[in-house]
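The values are calculated or read from the model by the stated rules, or taken from the named source; none is laboratory data. Here the structure is a predicted model, which means the values were calculated and not measured. When we count neighbours, we look across all protein chains shown, and the Cβ atoms used for this are built from the backbone with ideal geometry, even at glycine. Heavy atoms of the whole protein, side chains included, go into the accessibility calculation; ligands, DNA and RNA do not. Shrake-Rupley method; radii C 1.70, N 1.55, O 1.52, S 1.80 Å.
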Amino acid sequence: PPPLALSGLTGCVVVLAPGAGGGGVGARAAGAAELASVRLASLRGTVVDLRGARVAGAVYAEELRGCVVVVRCGQLRMHACEGCVVMGEVGSEPVIEDCVGMEFGGL
């Protein structure tokens, strides 16, 4: 499966629709795309909704400010993020470093 990288976005809404990327073996939701990993960097006031995908590996988030992130992934790693809301299904314990004002919940 391919990786996905988003960086430098401000005030955007990114929604990965079911079936984007052609789907993959082992996708948990009907028609869900399978991604190897996702890297989110330097996003500001942006919504990233990846419910249409199953991320086999990690979602890496660095230097996000005031964002909403919705994911299904094997691992979640966040570094230097502030004031974000994260909702998702994560297969292992998340790694959260140097983050403040964060809110977490399930899908």
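Per-structure values
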quantity: Scope segment 94-103; condition under 22 Å from residue 49 (Cβ atoms), open to solvent by 50 Å² or more (accessible area, probe 1.4 Å) and not in a strand (DSSP E or B); matching residues; calculated: 94, 101
quantity: Hits in segment 78-93 (condition: surrounded by fewer than 17 Cβ atoms within 10 Å (Cβ to Cβ), farther than 19 Å from residue 9 by Cβ and not acidic (Asp, Glu)); calculated: 91, 92
quantity: Cβ-Cβ under 9 Å pairs, at least 6 apart or on other chains, segment 37-51 side within 15 Å of residue 77 (Cα to Cα), far side assigned to a loop (DSSP other than H, G, I, E, B) and of a type in the set (Val, Ile, Thr); calculated: 40/46
quantity: All strands (runs of 3 or more DSSP E) inside segment 11-76 with 1 or more residues being β-branched (Val, Ile, Thr) and at pLDDT 90 or above; calculated: 13-15, 38-41, 47-49, 53-62
